[in-house]
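> Quick one: structure below, then a few questions.
The values are calculated or read from the model by the stated rules, or taken from the named source; none is laboratory data. Since the structure is predicted, the reported quantities are computational estimates derived from the model, not experimental observations. Here the Cβ is made from the backbone with ideal geometry for all residues, glycine too, and neighbour counts use every protein chain on show.
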Amino acid sequence: MSVRILALVGSLRAGSHNRQLAEAAIKHAPEGVEIDLYEGLADVPFYNEDIDTEAGLPAAAAKLREAAAGADAFLLFSPEYNGTIPAVLKNAIDWLSRPYGVGALSGKPVAVVGTAFGQFGGVWAQDETRKAAGIAGAAVLEDVKLSIPGSVTRFAETHPADDTEVVTGLTQVIEQLTAQTGSVAA
């Protein structure tokens, strides 16, 4: 049985280093693990309970929830915007937290990784992402971390998929995340 992991990237920029990190995770996923990079977060409107109704649910939000419902686990890639989580990633978590108590994140394993230009690799944003996902009901892997500093220089000429240290770290994160899918379901 294969494990399906949904990857959500908190940067909408086409050349985003966090997107490249997600691509590296997909490329180096172990056998039996399928990682789907979700496209379309830019189309999801800001969460508003007034439109989160059966009759008014925006198609982009429904599509996100459907993709998330089919996932066994989540791998969130968070850059750091002004010291915190990017709005697009927080918005996705908000949509996936509903309906309250039974949202698509509820009880599913989540790991948060990322890269940023600063010397700490975006740890503040990643910590905030873990916090938001946990409050949303996810089974956050608090000790599974990968924060890669200096993204602008480190990945100026090298794709993360070709960086041995990054690939090793990503592989470990994916293995730990995958291991939790069995224990959560048990």
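> Which of (1) closer than 22 Å to Gly169 by Cα; (2) buried (at least 21 other Cβ atoms within 10 Å of the Cβ); (3) touching a strand residue (DSSP E or B) at 6+ places or on another chain (Cβ under 6 Å) is the odd one out, the single condition Ala92 does not satisfy?
Of the numbered conditions (1) closer than 22 Å to Gly169 by Cα; (2) buried (at least 21 other Cβ atoms within 10 Å of the Cβ); (3) touching a strand residue (DSSP E or B) at 6+ places or on another chain (Cβ under 6 Å), the odd one out for Ala92 is (1).
> In addition: Those residues that are more than 16 Å from Ala7 (Cβ to Cβ) and either of a type in the set (Phe, Trp, Tyr) or in a helix (DSSP H, G or I) (or both), I need them from the range 34-47; list them, please.
The answer is Asp43, Phe46, Tyr47.
> Restricting to the range 21-33, name every residue that is of a type in the set (Gly, Ala, Ser) and in a loop (DSSP other than H, G, I, E, B).
Listed by number, the residues that qualify are Ala29, Gly32.
> Collect the residues in the range 101-114 that are surrounded by fewer than 18 Cβ atoms within 10 Å (Cβ to Cβ) and not polar (S, T, N, Q), keeping them in residue-number order.
Gly101, Val102, Gly107
> Which numbered condition in (1) buried (at least 18 other Cβ atoms within 10 Å of the Cβ); (2) out of contact with any Leu (no Cβ under 7 Å at 6 or more places or on another chain); (3) under 24 Å from Leu141 (Cβ atoms) is the only one that Glu31 fails?
(1)
> Name the single residue, out of those in the range 48-66 being more than 13 Å from the chain's Cα centre (by Cα) and assigned to a helix (DSSP H, G or I), that is surrounded by the most Cβ atoms within 10 Å (Cβ to Cβ).
Ala61
> Moving to a separate point now. Need pairs with beta-carbon distance below 8 Å; first residue within 24 Å of Gln176 (Cα to Cα) and within the range 24-45, second in a loop (DSSP other than H, G, I, E, B); sequence gap 6+ or separate chains.
Filtered contacts from the range 24-45: Ala24/His159; Ala24/Asp163; Gly32/Met1; Gly32/Ser2; Val33/Ser2; Glu34/Ser2; Ile35/Ala29; Asp36/Ala71.
> Given the options Arg19, Arg13, name the one that is closer than 22 Å to Asn82 by Cβ and within 12 Å of the chain's Cα centre (by Cα).
Exactly one residue qualifies, and that residue is Arg19.
> Scan (1) part of a loop (DSSP other than H, G, I, E, B); (2) farther than 20 Å from Thr115 by Cβ; (3) not hydroxyl-bearing (Ser, Thr, Tyr) for the single condition Asn91 breaks and write down its number.
(1)
> Give the range 93-123 a look and list any residue that's closer than 23 Å to Pro45 by Cβ and not aliphatic (A, V, I, L, M), or say none.
Asp94, Trp95, Ser97, Arg98, Pro99, Tyr100, Gly101, Gly103, Ser106
> One residue is enough: does the range 75-95 have a residue meeting the conditions free of Cβ contacts under 8 Å to residues at least 24 places away in the same chain, more than 23 Å from Ala156 (Cβ to Cβ) and acidic (Asp, Glu)?
no
> Which of (1) closer than 30 Å to His159 by Cα; (2) among the hydrophobic types (A, V, I, L, M, F, W, C); (3) buried (at least 21 other Cβ atoms within 10 Å of the Cβ) is the odd one out, the single condition Phe117 does not satisfy?
Every condition holds for Phe117 apart from (3).
> Somewhere in the range 164-182, is a residue surrounded by 15 or more Cβ atoms within 10 Å (Cβ to Cβ), touching a His at 6+ places or on another chain (Cβ under 8 Å) and small (Gly, Ala, Ser)?
No, because not a single residue in the range 164-182 is surrounded by 15 or more Cβ atoms within 10 Å (Cβ to Cβ), touching a His at 6+ places or on another chain (Cβ under 8 Å) and small (Gly, Ala, Ser).
> For Lys131, state whether it is crowded, with 16+ Cβ neighbours inside 10 Å, within 15 Å of the chain's Cα centre (by Cα), at pLDDT 95 or above and among the charged types (D, E, K, R).
No, not satisfied.
> Looking at Leu12 and the list (1) part of a loop (DSSP other than H, G, I, E, B); (2) surrounded by 15 or more Cβ atoms within 10 Å (Cβ to Cβ); (3) in contact with a helix residue (DSSP H, G or I) (Cβ under 7 Å, 6 or more places away or on another chain), which single condition is not satisfied?
Exception for Leu12: condition (2).
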